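Notes follow once the structure below has been shown.
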Amino acid sequence: MRFKTSSVIKLSIISSCMMLSVNSFSQKTGIFEGQTDVGKVLHSGNAIYNSANDEYAITGSGANIWFTNDEFHFVWKKMRGDFILRARGKFQGKSGEAHRKFGWMVRQGLDTSSAMVAATIHGDGLTSLQYRKAAHTNVEENKFDISGPDVVQLERKGNQFIMSVAHFGDTFVSKELSDVNFDGDVYVGLFVCAHNKNAVEKADFENVRIVIPAGKDLVPYKKYLGSHIETMDVITGKRKIVYSENASLQAPNWTTDGKSLLYNSNGSLYLFDLKSRRPALFPTGKVKDINNDHVISFDGKMLGISARSPDGKIGSTVYTVPMTGGEPKLITPLLGFSYLHGWSPDGKWLTYTAKRNSDPTPAGFDIYKIPSKGGKEIQLTNVKGLDDGPEYSPDGKYIYFNSVRSGLMQLWRMKPDGSDQEQLTNDDYNNWFAHISPDGKWIVCITFLKDEVKPDDHPFYKHVYLRMMPASGGPLKVIAYLYGGQGTINTPSWSPDSKKIAFVSNTDMSE
């Protein structure tokens, strides 16, 4: 269609005005609703989302975020209630501005003197929790001892804010701020400030997450939050959400051909095709009420599952079924709860944690193994306290497990006959589920905070780390910071090439 010259000019003016408005306030960028320059900046900023890599590149100008007025670029989402904001960020290039800054910010409004709280990382490494509790007042700050962290988290709990930071690989250090009273909706997002009105700075962000945690009224194992199935490169720490659902998805296993993830939800198993990004029900015949303790054999031909007993009287027993699906075969005796965690590399044995005594506490569980075709079970551990998560190493020389026998939950290993039990970790955290990479070089586990979780418990919806260590021994390094717990990584989740893992993180998706 051809327009007259005057019509083209009018259309161009209208389009330009519309584009200016969109770029300034309402352009959706990834998980954010809009972006804007706050204050009278000389150079407009911008935020670009790379969906292929799940990364954000944000440019910003502005003289400062200080005293009674702020100038910076802000990519935001309007929210209310509690939340957890987390990202890994870094500046692009070198700069002479020591106090150029990036981080997370929560603002009452988009005006230059709004009340706000900011988790701030400066160009020279200065790290501080900055805040203005009331509009038109001076900014205050609480400085950290740590310098130049790249992982930054800001959490809101009512009128309390908690800033947590770390150099990637380390655990968080935190500072808290109380009595911050925002009204209604707030603007939540990432910011970049040049600290020089004539300059423009750029920062890159990855693993950007906005989490809505469980409310105080959530009853565990009765009500559930939504789930993200994520994959992650264990060396770089880069993560990708491959599937999300407003339901409890748990314990993804990577199939041995590398094409799918097997997970459980609502008592059933599903195969998630990584190419089509679609799940399909895995057929398990008459066996229902399947939990998150399911393991694929080393050769990829068989699947072991944990599910309610045929008579419905025992909450978890162990079955096997071909990876093509079918009617599962009951393996463990009907003597009490049995939760599967491992196959032997030759496929001849299954190992699991089970209760075979009258102790009603978690301490009543010990580790057993049984022939994978059925037979007599063999008890491998018998100590005071919970033993859980038994998993064979790929060479078959060890069974790795976690035990509370030394106080906190720690990682252990033993010979396949139960002899030579030795402790592998001994730190100030609760470490669960030692998953050994297919090449036998690495161990990944999930770590709970001791001030949040009892040593013998691994509940849903907590602050957790995924940590990795050499299979030969050494310190645990954080490879993922997340909100999850039960169902995040209960069973082996390594990709066949030992480069990635799959896991579940959680957030409220009800709104």
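The values are calculated or read from the model by the stated rules, or taken from the named source; none is laboratory data. Because the structure is predicted, anything quoted here is derived from the model rather than measured. Please note: Cβ atoms are built from the backbone with ideal geometry, for glycine as well, and neighbour counts cover all protein chains shown. Areas reflect the complete protein model, heavy atoms only, side chains present, ligands, DNA and RNA absent. Shrake-Rupley method; radii C 1.70, N 1.55, O 1.52, S 1.80 Å.
Applying Stokes-Einstein at 25 °C and 0.890 mPa s to the Kirkwood radius of the chain, computed over alpha-carbon pairs, gives a translational diffusion coefficient of 100 µm² s⁻¹. Among the trypsin sites (Lys or Arg not before Pro) found in region 432-497, those both in a DSSP coil and sparsely packed, with 12 or fewer other Cβ atoms within 10 Å of their Cβ, are 441.
In the context of the full protein assembly, residue 361 retains an accessible surface of approximately 60 Å², using a probe radius of 1.4 Å and ignoring ligands and nucleic acids. Per the Debye calculation on region 33-121 with a single equal scatterer at every Cα and no solvent contribution, log₁₀ I(q)/I(0) for q = 0.12, 0.23 Å⁻¹ amounts to -0.38, -1.45. Computed over region 34-211, the range of Cα coordinates on each principal axis works out to 38, 37, 33 Å, biggest value leading. How far is the Cα center of region 47-65 from the Cα center of region 247-325, in Å? If you average the Cα positions of each part, the centres end up 40 Å apart. First check a/c for region 267-329, with a ≥ b ≥ c the square roots of the eigenvalues of its C-alpha gyration tensor; if it is under 1.5, answer rounded, and if not, answer prolate when a/b is larger than b/c or oblate otherwise. Cα axes put region 267-329 in the prolate bin. With an 8 Å cut-off on Cα pairs and a minimum separation of 6 or more residues, tell me the relative contact order of region 258-364 in percent. Relative contact order for region 258-364 comes out at 18 percent. Projecting the Cα atoms of 296, 459, 426 onto the dipole axis of the chain, where Lys and Arg carry +1 and Asp and Glu carry -1 at the beta carbon, places 296 farthest toward the positive end.
Annotation for region 39-110: chymotrypsin sites (Phe, Trp or Tyr not before Pro) lying in DSSP loop with at most 10 further Cβ atoms inside 10 Å of their Cβ do not exist. Between rounded, prolate and oblate, where does region 380-463 land on the alpha carbon gyration tensor, with a ≥ b ≥ c its root eigenvalues, rounded for a/c under 1.5, else prolate if a/b exceeds b/c? Because a/c hits 1.5 or more and a/b fails to exceed b/c, region 380-463 counts as oblate.
Working note: Cα gyration tensor of region 316-362, eigenvalues times five, square-rooted, sorted largest first, giving semi-axes of 23, 13, 8 Å.
Here the scattering of region 343-482 is modelled by Debye summation over its C-alpha atoms, one equal scatterer each and no solvent; at q = 0.09, 0.12 Å⁻¹ the log10 of I(q)/I(0) is -0.26, -0.46. Would you please name the trypsin sites (Lys or Arg not before Pro) within region 217-313 that are DSSP coil residues with at most 14 other C-beta atoms within 10 Å of their C-beta? Answer in residue order: 222, 223, 259, 275, 277, 286, 288, 301, 313.
In this structure the amide hydrogen of residue 314, modeled in the peptide plane, comes within under 5 Å of the amide hydrogens of 309, none closer than 5 places in sequence on its chain.
How much mean residue ellipticity at 222 nm does the chain get from its helices, if each DSSP H run of length 4 or more adds -39500 (n - 2.57) and you divide by all residues, to the nearest 500 deg cm²/dmol? Calculated at 222 nm, the ellipticity per residue is -1000 deg cm²/dmol.
Show me the ranking of peptides 370-376, 159-165, 416-422 by mean Cβ neighbours inside 10 Å, starting with the highest. Write out the running numbers ahead of the final one.
Values: 370-376: 14.3, 159-165: 20.3, 416-422: 12.7.
Descending packing order for the listed peptides: 159-165, 370-376, 416-422.
Quick one: ranking 388, 457, 124 by accessible area, 1.4 Å probe, largest first, what do you get?
Working: 388 15, 457 55, 124 80 Å².
Sorted descending by solvent-accessible area, the residues read 124, 457, 388.
For region 462-505, the extents of the C-alpha atoms along the principal axes are 29, 24, 14 Å, listed from largest to smallest.
When all protein chains stay in place and ligands, DNA and RNA are ignored, the 1.4 Å accessible-area order of 73, 228, largest first, is 228, 73.
Under the definition of Cα pairs under 8 Å and six or more residues apart, what whole-number percent is the relative contact order of the chain?
Numbers: 1410 pairs, mean separation 57.0, N = 511.
The value is 11 percent.
Rounded, prolate or oblate: pick one for region 227-506, where a ≥ b ≥ c are the square roots of the eigenvalues of its C-alpha gyration tensor, a/c under 1.5 means rounded, and failing that, prolate if a/b is larger than b/c, else oblate.
Numbers: a/c = 1.32, a/b = 1.01, b/c = 1.31.
Note, shape of region 227-506 comes out rounded.
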